[in-house]
Amino acid sequence: MEKLVINGGNRLEGRVRVSSAKNAVLPIIAATLLASTPSKLLEIPNLEDVGTISQVIEALGVKITRNGGDEIIFDASMLTATEAPNELVRKMRASFLVMGPLLARKGEAKISLPGGCAIGARPIDLHLKAFEALGAEIESTEEYVCAKAPNGLKGTEIYLDFPSVGATENVMMAASMAEGKTIIENAAEEPEIVDLATFLNAMGANIRGAGTNVIRIEGVPSLHGAIHTVIPDRIEAGTYLIATAMAGGDVFVENALPEHLKPVVAKLKEAGVTVEEEIDGIRVVSSGKELKAVDIKTLPYPGFPTDMQAQFMAFTTIAEGTSTVTETVFENRFMHVAELRKMGAHIDIDNRQAIVAGVPSLHGADVNATDLRAGAALVCAALAAEGTTKIGRLHHIDRGYDDFVGKLKRLGADIVRIDE
Ligand code: EPZ
């Protein structure tokens, strides 16, 4: 099994450039299914999940051409199937994002139920309810979901019971080619939603209001390919801010958009960390000591991002005082607590709230990533801990961090990836 071996205590110094956002590039790759001519995406990050969603759309007939760099051409002019391969959907639930485009383009889709994962049941009821409102007939069993719209989709008003990111994206893509107008109320407002809408509009769609909780879509009969550069990954950027704040150092996180990280920056400043927001990135300076306890509560955007909860909890484990971490978005996103305890963290859980009593420092231990962001949190903790930490189950981390080891090494971290 491959492991990361990290000797904590090194300060992090220098510049790190964040890659394009995983949670923007996945729906945008799914959206290429809508176009009857090729699309070109630039600066595609090298992530497991990008490989998986690419395999899914290739199985549907999309021709993918790689130029050997980070540019990829997706040609969906000839779709040959409307069923996503089960093993790929099970591997990555975001594969479910092909349902909206398939319904819009082909009038049908069959996808195995994405199932839950470590952080929660991850139901898709809001997606299905919205597709039915657009006129699709849904048939679902324990294994899969079948959706059919033989007479095409019809625009309508849709209210999302929860501002679900995936449901907002799936509906936006389906409605982009529905007949007439669709209004999505209580839509998710994440920057990744805005980036998807920007790409869809470049393809000829007519979408207004992305980034607010009301999105208006005027359906069009067809969409063409477009060229697009995906937005930077705000969660990857936030992870480097936390790593530097904990280990101590002076790092410039290039290509990070400060406006996408306001809650995280605000909380780091509240904890006594120096954070300077520049035009082309964010600078973080920290002694790694005298960090102050703070309380965080995750909320849909623009609230504190749930995808930064594990990393920030790691930070609070060595802050002076008691912090509370409340997770309101997912029902089981505290899997990292047990692993952080192995490193000496003092954390109690009371339902959806973790109470963290800061300790002077963590110590190295053998731990495992339980999900993507938990893995990132353990890396941050290990960089600040005394001694050596070994982290297993790296496939979780490989899903969402491009060249994590290389980028950290270049900042001065003592980190290697071994095959034990
Ligand atoms: C996206 O997942 C992200 N993934 C997640 O990032 C992120 O944590 C999440 O949004 C919230 O910001 C991608 O974009 C690929 P949701 P998604 O639908 O779309 C409930 C990471 O680490 N819900 O907004 O699945 C659901 O159970 C990953 O990069 C329903 O009840 O998130 C959850 O409690 C993890 N019914 C809440 O909404 C539905 O039909 C938020 O889910 C859909 C969702």
Next item on the list: Could you state how much accessible area Ile183 has, in square angstrom rounded to the nearest 10, with a 1.4 Å probe and all protein chains kept in place?
Entry: 20 Å²
Checklist line | Nonlocal Lys pairs with alpha-carbon distance under 30 Å, region 1-141 (8 or more apart, or different chains) | finding: 20
Next item on the list: Might you work out the accessible area of Lys289 for me, using a 1.4 Å probe with all protein chains in place, and round it to the nearest 10 Å²?
Entry: 130 Å²
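Carbon and sulfur together cover what percent of the accessible area of region 1-94 at a 1.4 Å probe radius? Provide the component values of the computation, followed by the final result.
Working: 1780 of 3840 Å².
Of the solvent-accessible surface of region 1-94, carbon and sulfur hold 46 percent.
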Notebook entry, point to check: If each of Val214 and His363 carries a label point 7 Å out from its Cα toward its Cβ, how far apart are those two points in nm?
Noted result: 5.9 nm
Next item on the list: Could you give me the radius of gyration and the Dmax of region 303-420, taking only the C-alpha atoms into account and expressing both in angstrom?
Entry: 13.7, 40
Next item on the list: Please pull out the direction-averaged projected area of region 66-141, using the convex hull of its alpha-carbon atoms, in nm² to one decimal place.
Entry: 6.8 nm²
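Write down the accessible area per residue of the chain in Å², having rolled a 1.4 Å probe over the full set of protein chains.
On the way: 15790 Å² over 420 residues.
Computed with neighbouring chains in place, this is 38 Å² per residue.
Can you give the translational diffusion coefficient of region 205-251 in µm²/s, computed by Stokes-Einstein from the Kirkwood radius over Cα pairs at 10 °C and 1.306 mPa s? Working shown, then result.
Values: Rh = 14.6 Å.
Once the numbers are plugged in, D ends up at 108 µm²/s.
Mind checking the full-extension length gain between Ser287 and Asp70? Use 0.36 nm per residue of separation minus the Cα-Cα distance, one decimal, nm. Provide the component values of the computation, followed by the final result.
Details: separation 217, 0.36 × 217 = 78.12 nm, distance 3.58 nm.
Between Ser287 and Asp70, full extension yields an extra 74.5 nm.
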Checklist line | Rounded to 10°, Cα long-axis angle of helix 191-202 versus longest principal axis of the chain | finding: 30 degrees
Next item on the list: Would you tell me the accessible area of His127, worked out with a 1.4 angstrom probe on the heavy atoms of the protein chains, in Å² to the nearest 10?
Entry: 20 Å²
Margin query: Please list log₁₀ I(q)/I(0) at q = 0.15, 0.18 Å⁻¹ for region 243-356, using the Debye equation with identical point scatterers on the alpha-carbon positions.
Written below: -0.64, -0.91
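Can I get the semi-axes of region 47-193's equivalent ellipsoid? Compute them from the C-alpha gyration tensor as square roots of 5 times the eigenvalues, in angstrom, largest first.
On the way: eigenvalues 107, 65, 53 Å².
Rounded to whole Å, the semi-axes are 23, 18, 16.
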Margin query: Could you check the spin-label model distance between Arg93 and Glu278? Points 7 Å from the Cα along Cα→Cβ, value in nm.
Written below: 3.8 nm
Check: In the Gaussian network model of the chain, springs joining C-alpha atoms below 10 Å, which of Asp195, Asp75, Asp366 carries the largest mean-square fluctuation?
Finding: Asp366
Checklist line | Rough spin-label spacing in nm, given labels placed 7 Å along Cα→Cβ, for Lys269 and His224 | finding: 4.5 nm
Next item on the list: Find out how many positive minus negative residues lie around Arg208, taking Lys and Arg as positive, Asp and Glu as negative, among other residues whose Cβ is under 13 Å from that of Arg208.
Entry: +1
Checklist line | At q = 0.11 Å⁻¹, base-10 log of I(q)/I(0) for the chain (Debye sum, equal scatterers on each alpha carbon) | finding: -0.80
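The values are calculated or read from the model by the stated rules, or taken from the named source; none is laboratory data. The structure displayed is predicted, hence computed values, not measured ones. With ideal geometry, Cβ positions are generated from the backbone for all residues, glycine too; neighbour counts draw on all protein chains shown. What goes into the accessible areas is simple: the full protein's heavy atoms, side chains included, and nothing from ligands, DNA or RNA. Shrake-Rupley method; radii C 1.70, N 1.55, O 1.52, S 1.80 Å.
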